[in-house]
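Notes to accompany the following structure.
The values are calculated or read from the model by the stated rules, or taken from the named source; none is laboratory data. Being a predicted model, the structure only gives us computed values, none of them experimental. Ideal geometry is used to build each Cβ from the backbone, glycine not excepted, and the neighbour counts take in all protein chains shown.
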Amino acid sequence: MGNSKNTNSVTPRKKRGFFENVVKYRTLILMCIPAIVFFFMFSYMPLPGIWVAFVKYNYGKGIFGSKFIGLQNFEFLASSGKLLTLTKNTILYNLAFILLGNFLAIVMAILLNEMQAKLFKKVAQTMMFLPYFISQVLVGVLVFNLLNYDTGFINGILEAFGLEKWQPYADPNVWPVLLVVIYLWQQTGYNSVVYFAAICGIDAEIIEASKVDGANAFQRIRYIILPSLKPTIIILLLFALGGIVKGNFGLFYNIIGTNSLLYDTTDIIETFVYRATMTDFNFSTASAVGLYQSIVGFVIVMVVNGVIKKIDPEYSLF
Amino acid sequence: MEMALTNKKNFNEGGYSAPEEKYKIRKRKASPGDIAFHICNGIFMILFVVITLYPVLNTLAISLNDGTDALRGGIYLIPRKFSLKNYATVLQKDNLMIGAVVTVARTLIGTALALITNAILAFIVSRKNFIFAKQLSLFWVITMYVNGGMIPIFLLYKGLGLTNSFAVYVIPGMVSAFNMLVIRTYMRGIPDSLEESAQLDGAGYTTIFLHIISPLCKPVYATVALFVAVGQWNSWFDAMLYNRMSDNLTTLQYELMKLLSSVTNQSSSVEAMKNSSGSVTPMSVRAAATIITMLPIICIYPFLQQYFVSGLTLGGVKE
């Protein structure tokens, strides 16, 4: 990056003006226009609609005809404590997903890399990937089959041992753990690919040399593999943190659904917005939460991108 | 997000070349610690594979078991009272077949459209010195994190006539910033000299894209196609939100979801099912529908997996 000036002086090139550039790249610019229109239409056109967060929505009058009530929608949410609960749940779940998810992914990648039997290595990797391709609707079914009160796998075992049956669908306190486990089950195989790739990229001679010097598997992992994964880990964590206020709607909605017994510990921003819209028709409240989420998310992305730019400009998003 | 990182170094080496080939040159006797490690590792891996597979196999067993019998519980991996009635019941449901047709159609059309548009866009922004590359990237990346929210988007789609139409499945999600970034990263790794020499021979951007860049991008194209196809196959939310009223536009996953939420009026559906085909229960039918929906993905994905890994690897991470 830093030596771009030097290369310019080696091969002197006439500096072009803006319009000359436009002419030079006219084909590319023309090719871009449909895409710009597309993004403008589907991603930017809905943005003025966030106005609905500041009105008392009236379906007949439309978004801009409804009565303006300022920040009342937000005040209601904040004073009822709802906003705090939602934010807390969303962020804590995401934090657990990101930290544990990456930790487990690194462990799996390292262990997979250490495997000796080639065929088993391939089979194991294939199996690890499988859950990623199963839709979240199906994950909901699979989880229900395991955990339900009457015929679930877990209760089957408990019953066989004469123990009291377990009723997770009526107990909000167990879900933070369960949801994290389910998330890890589904995502670990996929997440580990990137780390696996990074391990494959380590110079084989270093590892070879360590073996000659008598390092055992633990020492190899501790002193060679982990340090070389460090940049990857940092960057991936930072990227993931950029999306920390974005909840995983599919996971929560398909597993918890409309089981209001569990909302205390499992309601995230996305599920609340969905319910407020589709079952309560409370468009303004839903939009207020959505807007709040977008703003917080935007700020976090900007900060994270700034930090990444400081660490290594090549990784930055924009 | 992972793939949005750059990797120039690995491109020519094929980053997925297994390093263990090189270990074999000089093999040292394994120490007891190493042996213990490998045994533990093997056990751990087997355990992990079992945990991954068990829920799927359990559902398969329930789907192949007699419905009423399954309600007694205690079915783990092998069906106790074998029966195919659950599958017969599922296949008799009209909507499910319509859903299957719609799902196949949206998967094929949606994947083709997404791949073409994302590839073209990635090509444009990956051109060196292209004046607007940075601004365009920002314009797109913002859409990954900020959106207008469900209601404005719904109203917009309604205004555009996208609700109750097939187009809503394939058009709005056609170009995605994320997929584009994956392809762009990969394209940036292709040596400039290839393009420059083609330019000297008088090739325009279309020729360079079609005959020089695209053939080299097969792994990343396959990866993105797999992403999109799996997403299309598994999606249910758009059917529920935008096409709730049109039964002939339903999708497989949405039908499955409706089947699941029929838990509440379980008794009535049990009656209905008893009349039609003997001993099936909502639970066993659900299990059968789950397996049917999952089957195509499970069959296809081992074949695509090799591309998937190499596409991600190459577009992946700097050492």
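Checking A:Ile182 against (1) within 9 Å of chain B (Cβ to nearest Cβ); (2) surrounded by 18 or more Cβ atoms within 10 Å (Cβ to Cβ), which test does it fail?
Only one criterion is unmet by A:Ile182, namely (1).
Please go through the range A:117-164 and pick out each residue that is assigned to a loop (DSSP other than H, G, I, E, B), of a type in the set (Ser, Thr, Tyr) and more than 7 Å from chain B (Cβ to nearest Cβ).
A:Tyr149
State whether the residues of the range A:86-103 include one that is more than 14 Å from every other protein chain (Cβ to nearest Cβ), of a type in the set (A, V, I, L, M), crowded, with 20+ Cβ neighbours inside 10 Å and part of a helix (DSSP H, G or I).
yes
Kindly provide the set of residues from the range B:67-86 that are without any contact (Cβ under 8 Å) to a residue 40 or more places away in the chain and β-branched (Val, Ile, Thr), ordered by number.
B:Ile75, B:Ile78
Can you name every residue in the range B:157-173 that is surrounded by fewer than 18 Cβ atoms within 10 Å (Cβ to Cβ) and either within 7 Å of chain A (Cβ to nearest Cβ) or not aromatic (Phe, Trp, Tyr) (or both)?
Scanning the range B:157-173 gives B:Lys158, B:Gly159, B:Leu160, B:Gly161, B:Asn164, B:Ser165, B:Ala167.
Output the residues belonging to the range B:200-238 that are surrounded by fewer than 21 Cβ atoms within 10 Å (Cβ to Cβ) and not in a helix (DSSP H, G or I).
Selection gives B:Asp201, B:Gly202, B:Ala203, B:Gly204.
In the range A:51-76, what residues are among the hydroxyl-bearing types (Ser, Thr, Tyr) and surrounded by 12 or more Cβ atoms within 10 Å (Cβ to Cβ)?
Answer for the range A:51-76, where residues must be among the hydroxyl-bearing types (Ser, Thr, Tyr) and surrounded by 12 or more Cβ atoms within 10 Å (Cβ to Cβ): A:Tyr57, A:Ser66.
Criterion first (touching a residue at least 40 places away in the same chain (Cβ under 8 Å), surrounded by fewer than 20 Cβ atoms within 10 Å (Cβ to Cβ) and within 22 Å of B:Thr111 (Cβ to Cβ)) does B:Leu241 satisfy it?
So B:Leu241 passes the test.
Considering only the range A:247-289, how many residues are in a helix (DSSP H, G or I), facing chain B (nearest Cβ under 9 Å), without any contact (Cβ under 8 Å) to a residue 60 or more places away in the chain and polar (S, T, N, Q)?
The qualifying residues number 1.
Could you please find all residues in the range B:92-117 being surrounded by 14 or more Cβ atoms within 10 Å (Cβ to Cβ) and either of a type in the set (Ser, Thr, Tyr) or more than 20 Å from B:Tyr169 (Cβ to Cβ) (or both)?
B:Lys93, B:Thr103, B:Thr107, B:Thr111, B:Thr117
Pull out all pairs, ordered by first then second residue, where Cβ-Cβ is under 6 Å, the residues are six or more apart or on different chains, the first lies in the range B:289-300 and is within 9 Å of chain A (Cβ to nearest Cβ), and the second is part of a helix (DSSP H, G or I) and β-branched (Val, Ile, Thr).
What qualifies is B:Ala289/B:Val90; B:Thr290/A:Val141; B:Thr290/B:Thr59.
State which residue pairs qualify: first residue within 8 Å of chain B (Cβ to nearest Cβ) and inside the range A:24-35, second residue of a type in the set (S, T, N, Q) in any location, beta carbons under 8 Å apart, and separation of 6 or more residues or different chains.
A:Ala35/B:Thr117
Please indicate, with yes or no, whether at least one residue in the range A:219-231 is of a type outside the set (D, E, K, R), at the interface with another protein chain (Cβ under 9 Å from one of its Cβ atoms), surrounded by 14 or more Cβ atoms within 10 Å (Cβ to Cβ) and closer than 30 Å to B:Ile300 by Cα.
Among the residues of the range A:219-231, not one is of a type outside the set (D, E, K, R), at the interface with another protein chain (Cβ under 9 Å from one of its Cβ atoms), surrounded by 14 or more Cβ atoms within 10 Å (Cβ to Cβ) and closer than 30 Å to B:Ile300 by Cα, which makes the answer no.
Kindly check whether there is at least one residue in the range A:245-264 that is in contact with a Lys or Arg (Cβ under 8 Å, 6 or more places away or on another chain), among the basic types (Lys, Arg) and surrounded by fewer than 23 Cβ atoms within 10 Å (Cβ to Cβ).
No, the range A:245-264 has no match at all.
So is B:Asn129 outside any helix (DSSP H, G or I), at pLDDT below 85 and crowded, with 18+ Cβ neighbours inside 10 Å or not?
No: the conditions fail for B:Asn129.
Is it the case that the range B:186-195 has a residue that's within 12 Å of chain A (Cβ to nearest Cβ) and among the polar types (S, T, N, Q)?
For the range B:186-195, residues within 12 Å of chain A (Cβ to nearest Cβ) and among the polar types (S, T, N, Q): absent.
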